[in-house]
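Everything on this sheet refers to the single structure shown next.
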Amino acid sequence: MKHTPLFTMLAGAALAFTFAAAPVHASGASKDKQAVQYPDTTRVAPKLDLTSEKEQKALNDGLDAVNSGDKAKAEQILQPIVDHSKSKYAQAIALQGLANVTYNAGDVKGAIPLLKRSLDDGVMPNDTYFQLMFELAQLYAADGQYQNSLDTVAKWRAEGKKETADSYGLEGMDYYRLEKYPEAIAAIQKAKSLTDKPQDSWNQILMASYAESGKGGDAAKMATDEYEKNPTDSGMLHNASAILLQQQDYAGAIKVLEQGRANGALKDEGDWISLVKAYLLQAQNGGDTKSGSAKALQAFDDGMAKGAIKPSAANYKLAGDASVIGENDAKAIGYYQKGAALASDGELDVALGRVYFQDQKFAEARKYLTQGIGKGVQHKGQTYMVLAETDRELKDKPGAITAMMEAAKDPDTAAKAKEWLRKAGVGR
């Protein structure tokens, strides 16, 4: 399943289960009148069959254990009620309590059948019944059962005769995960129309759905607008810059990232690296390569100085590559040397060798090319070809032939290497 890897909060739905319920009094009526939450439902509230004071106390004790997080005690009290009680209502309440402790223990999949059984008994009061039904939809979503979640929300809305922003927000997330982006867009827009306090995750789902459905311009505008409302919010900065980069709006990405850099919102290492890359991409797509390289390196060095960009082979390689683009070989060598010391392979040694070769420093080039091959490189044939040319420049014909014979073993370079060897008279 493909998803736009832009957003920081889409890893899972934000779930806050309350699981309804202390049981009603044995008389069948609550002493405290509460506002009816589902006044328009056509569901006929069932007559409650809990008449035992002893069982009611056991339920209360079990639910107290649930609320205190004592899973063992909750199961010890509630499971016998599920197994043996003559009261369907008592069984249903005990099941939802067990679902609660199971969920809190991290077992979402195990909580689902318990909560579903509680609902299927059909004996809950209306408010409790619909609350638990909506929570079942959330559990389905948390377990990746997005169609079941959608179906449950649809049933909850149809039977409860109620619409809420949260229900459409959940629906939007389900549709997004199912890659039904137009439906996700419609659901999130509906959710936002029902509240003046939309969840941050809704905007992220909406932006991602725009991007996935080919409405990248809408996604970019929305991301930028959201960031401008919250210019010191690092999450908003990440979202805006990521989608602007995806849309190849390098100037726009640079603008928001530099704004975040100025006001302190630029904190994440990945976003600092995005700023460096944005300058390079802009330079390579019609911009001034030397100016773009200089700005990229200035941002890189600033990020390193602040401790936001960590020393790593990959990061130093990026800086070295930026230096090469800007034709600053001295800086490239410095960055590549730092990266090579941290690398687990020889790629940066080879990069060093190539820079030295371009600078006609062939002894140094041979040293690093040979060192890189020894550590292991991905494109071995190409590296051997550069080494062969280096040896040739050093007047080491046997070394050049040996290197080119190694290049001839690589399918990617075999044809060119064999032609070189033919012209050199090798193998006649």
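The values are calculated or read from the model by the stated rules, or taken from the named source; none is laboratory data. What you are looking at is a predicted structure, and each value in this text was computed from that prediction instead of being measured. Quick reminder, even Gly has a Cβ in these numbers, built from the backbone with ideal geometry, and neighbours come from all protein chains shown.
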- Given Val24, Val44, which one is among the β-branched types (Val, Ile, Thr) and modelled with pLDDT of 90 or more? Val44
- Pairs with Cβ under 8 Å, 6+ apart, first in the stretch 32-60 and small (Gly, Ala, Ser), second surrounded by 12 or more Cβ atoms within 10 Å (Cβ to Cβ) and modelled with pLDDT of 90 or more: Ala45/Pro125; Ala45/Asn126; Ser52/Ser87; Ser52/Ala90; Ala58/Ile77; Ala58/Ile81
- Message: Scan the stretch 356-363 and tell me whether some residue there is on the phi > 0 side of the Ramachandran plot and at pLDDT 95 or above.
- Response: yes
- Query: Out of curiosity, is Ala262 in a helix (DSSP H, G or I), over 24 Å from Lys317 (Cα atoms), among the aliphatic types (A, V, I, L, M) and modelled with pLDDT under 90?
  - Reply: no
- Note on the structure: Going through the stretch 301-321 in order, the residues found to be part of a helix (DSSP H, G or I) and of a type outside the set (A, V, I, L, M) are Asp301, Asp302, Gly303, Lys306, Asn315, Tyr316, Lys317, Gly320, Asp321
- Message: Restricting to the stretch 181-209, name every residue that is hydroxyl-bearing (Ser, Thr, Tyr) and at pLDDT below 90.
- Response: Ser201
- Is at least one residue of the stretch 125-138 among the acidic types (Asp, Glu), out of contact with any Lys or Arg (no Cβ under 8 Å at 6 or more places or on another chain) and under 26 Å from Val36 (Cα atoms)? yes
- Query: Of all residues in the stretch 410-424, which are loosely packed, with under 15 Cβ neighbours inside 10 Å and under 12 Å from Met385 (Cβ atoms)?
  - Reply: Asp412, Ala414, Ala415, Glu419
- Message: If a residue counts only when it is within 34 Å of the chain's Cα centre (by Cα), which helices (runs of 4 or more DSSP H) contained entirely in the stretch 322-428 have at least 2 such residues?
- Response: 329-342, 347-358
